[in-house]
Structures are given as C-alpha cells and as structure tokens.
Amino acid sequence: MLNRDDKDGSHMGKRSVSLWAVLLVVLGIVILGVFIVRPSIIGYSVYQQVAKSNYSVSDYAGSIQDLQNDVDIARVNTSLYAEQFAHIEDLHTEVTNSLSQCVEERASLGAELNASLQANTDEIARLRADVEEKKTAAAAAELARNNVVSQMTAERESLVAQTNSACDAKVQSATDDLSTLQSDYDALVANTAKNVCCKARIDNPSVDSYDVLSHKVVCISGGEKTLVC
C-alpha cells in the first residue's frame, strides 16, 4: 500500500502535467490565432473591402504594386532626405563651429581694440598734459622775457634820457662857452681893428671897415664890418 506522502506526490505530479498541457493548448491557440487566423481575418477583410470598392483582385493588386512602388520611392526619397539632412547637419555643425570661432575672434579683437583704444586714450591724455605743461612753461618764459625786456627798455630809456640830458647840458655849456668866446673874440677883433684901422684911416681916409684874414685884422674899404673910431 502507498503511504500518504506518496499519494500527495502523485497528485501533485498529475496537477503539474495538467497545467503544462493547458499551457501548451493555450500557446497553440495563440500561435494559431497569430499565424493562421489573423492573416485569414485580414485577408477576408481586405477581400470585403475590395468587393465593396468594385475593384477586381488584379486591380487591387496593381494598386498594391503602385503603393509598393510609392513606398519604395518614399524609402529612396527618405534615404536621400536622410543623406541631405546628414549633410545639412554637418553643415550646421560646421557653420556653428565657424560662428563660435568668429564670436571668439570677435571677442578677442574687441578686447584688443578696447585695450588699444584705452592705450591711445591714455597716450593722448599724457600728450595733452605734456602740451599743457609746455604751454604753461612757455607762457612763464614769455612773461619772464617780457619782464626782462620791459626792465631793460625802461633802464635803456632812463639811461638815454640821462645821457641826452647830460649831453644837452654839455652842448648848452659848450655853446655858451663858444658864444662867450665868440663875443670875446669879436670884441678883441673890434678893439684891434679900432686901434689899427683908425690909425690907418688917418693916412687913408677911404678905410671905413675891416676884416680878419689868416687871424690878422686887415683894414679895407666897403667891407661888411664897419670901422668905428
């Protein structure tokens, strides 16, 4: 006789076999539905659509062939579009890289330009400051020169005035002295002529004037210097 454990094992084995059998049957039904029933249903549905559309099977097959050709053309076009898109994508990448490079170069050139402008601005400011400093120095030098010129002009004018005054005084003194000497000389000549020519007039009554020749008194007649006896 079998014990209870053997009976339970036998029962469980039978249940496992039954479960696998059910699974196999279900799997078979699924496979049958996928590979046999479903195509049959699709075919019948297509046939019904063909029958309703008044197309023959050959026309429908031609339409399917045309659709297949369109699909092939679409696939070729899709392939071409894919190639063109890949080419455009490459161009986009190249343009993007070029644009990035241009942006970087522009930024670099902008920085260099700003630095150059700043340097030029600083140099212009320095030159302007230098020019202003030189202008100030030149103005100071011009002022000093004008002051020196003014001082020298004043001193020269004062010296010229003093010199002219001294010269005028000397000239006046010399003129006065000369006038005095001339008066004394004329008086001496007149006295000499009076003494000499008045005596000569006794011997020669025509003697009525005198003159001085070679520092000598000469008694004459009809001269400019009248004899007064």
Single condition residue 189 does not satisfy, out of (1) modelled with pLDDT under 90; (2) not in a helix (DSSP H, G or I): (2)
Residue in the stretch 207-226 that is of a type in the set (A, V, I, L, M, F, W, C) and assigned to a helix (DSSP H, G or I) present: no
Inter-residue pairs, beta-carbon under 8 Å, first at positive phi and in the stretch 209-229, second hydroxyl-bearing (Ser, Thr, Tyr), 6+ apart: 222/209
Test: residue in the stretch 151-167 that is surrounded by 10 or more Cβ atoms within 10 Å (Cβ to Cβ) and part of a loop (DSSP other than H, G, I, E, B): no
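The values are calculated or read from the model by the stated rules, or taken from the named source; none is laboratory data. Keep in mind the model is a prediction, meaning the values are calculated, not measured. Every residue, glycine as well, gets a Cβ built from its backbone with ideal geometry; the counts of neighbours run over all protein chains shown.
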